[in-house]
Amino acid sequence: MLREQCIEHIDKNINGVIKIIDQKNTYWLKIGGEEKSNFIRKISSIAGKLNLLSFFQSKATMNSLSRFEHEKSMLLYLNSIGFQVPQITLEGRHFFVTPDQGCPISQIDADRITDETLAQLFSLFARLHNADIAHGRPALRDILIDQHNQLSLIDFEESIMHASPMLKARDIYLLLMDLCRIEHITLEQKRKALLSWRQQVSEDHWTSLLEIHQLLHKFKFLAHIVLCFKQKNKLSKQLLETCHLFNTL
């Protein structure tokens, strides 16, 4: 029944991620084909080739099929080393299916995101980075939490094997910025979780993270200018809040 449902959706030429219920179990069908290579991502990819701006490196300019196959290969590899990602239970040409692993932490009640949850989250990324992999574009929607409060990661389309310390550090900076969306998480909680990541990775990762901060800190004035005209601009607020976090270390 599961395969039949998948084929039905695939035959409709639908791309993206689809929720499927089969015998009271929940699965997620991912179908390759979504194009993400827009102008900004192409510029980021070009900038990423420059040593100073290497943290802009992105796989978003890959064609959709290559990006999809890359993610599938990465999930299979991460499962083989026991990392917390969904296991592929069914696969075929341009699609794969994984069982439901919980809810994105962006959608759960605030009281479930505790110090322990944040420590587990940053330790999860430390494990990923110590496996020599960068997620590529971590966001709260890519972090799942199950009924036992265990975390797992999804969406490895832009992940990078044999990643440099700079690209792993970029994961953490982007993660810190996205955590700004959860208003009840305090500066002290984020600082404590960040320092726990530092203790679990090599010093060059921390040095690279500080280099990213030092570069982006120079552009704080742009965020202030944007907020003068668009007071609710989330990206500017996230950048300023994250810069403030590093200034308190």
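The values are calculated or read from the model by the stated rules, or taken from the named source; none is laboratory data. All values reported here derive from a predicted model rather than from experimental measurement. Backbone-built Cβ (ideal geometry, glycine too); neighbour counts: all protein chains shown. For the accessible areas, the whole protein counts, side chains as well, though only heavy atoms, and no ligand, DNA or RNA atoms are used. Shrake-Rupley method; radii C 1.70, N 1.55, O 1.52, S 1.80 Å.
With both labels modelled 7 Å from their Cα along Cα-to-Cβ, the Ala139 to Ser123 distance reads 2.8 nm.
If a spin label sat at a point 7 angstrom from the Cα of Ile7 along the line to its beta carbon, the backbone N atoms of the range 85-112 nearer than 19 Å would be those of 89-98. Highest average first, the peptides 159-165, 129-135 ordered by how many other beta carbon atoms sit within 10 Å of their residues are 129-135, 159-165. With respect to the chain, whose longest principal axis is taken over its alpha-carbon atoms, helix 203-217 is tilted by about 70°. Counting only protein heavy atoms and a 1.4 Å probe, the chain has 53 square angstrom of accessible area per residue. Nonpolar atom fraction for the chain, defined as the carbon and sulfur part of the 1.4 Å probe accessible area, stands at 54 percent.
From the alpha carbon centroid of the range 85-141 to that of the range 194-249 is 23 Å. Each pair of Cα atoms in the range 103-247 enters the Kirkwood radius, and Stokes-Einstein at 37 °C and 0.692 mPa s then converts it into a translational diffusion coefficient of 210 µm²/s. The length gained on full extension between Asp204 and Trp28, counted as 0.36 nm times the residue separation minus their Cα-Cα distance, comes to 59.6 nm. Computed with the Debye formula from one identical point scatterer per Cα of the chain, without solvent, the log10 of I(q)/I(0) at q = 0.11, 0.14 Å⁻¹ comes to -0.63, -1.02. If R0 is 30 Å, the Cβ-Cβ spacing of Thr186 and Thr89 corresponds to a FRET efficiency of close to 0.15. Only helices enter this figure: runs of n ≥ 4 DSSP H residues, each worth -39500 (n - 2.57), summed and divided by the residues of the chain, yield -15500 deg cm²/dmol at 222 nm to the nearest 500. Assuming charge only on the beta carbon of Lys and Arg (+1) and of Asp and Glu (-1), the dipole of the chain about its Cα centre is about 860 debye to the nearest 20.
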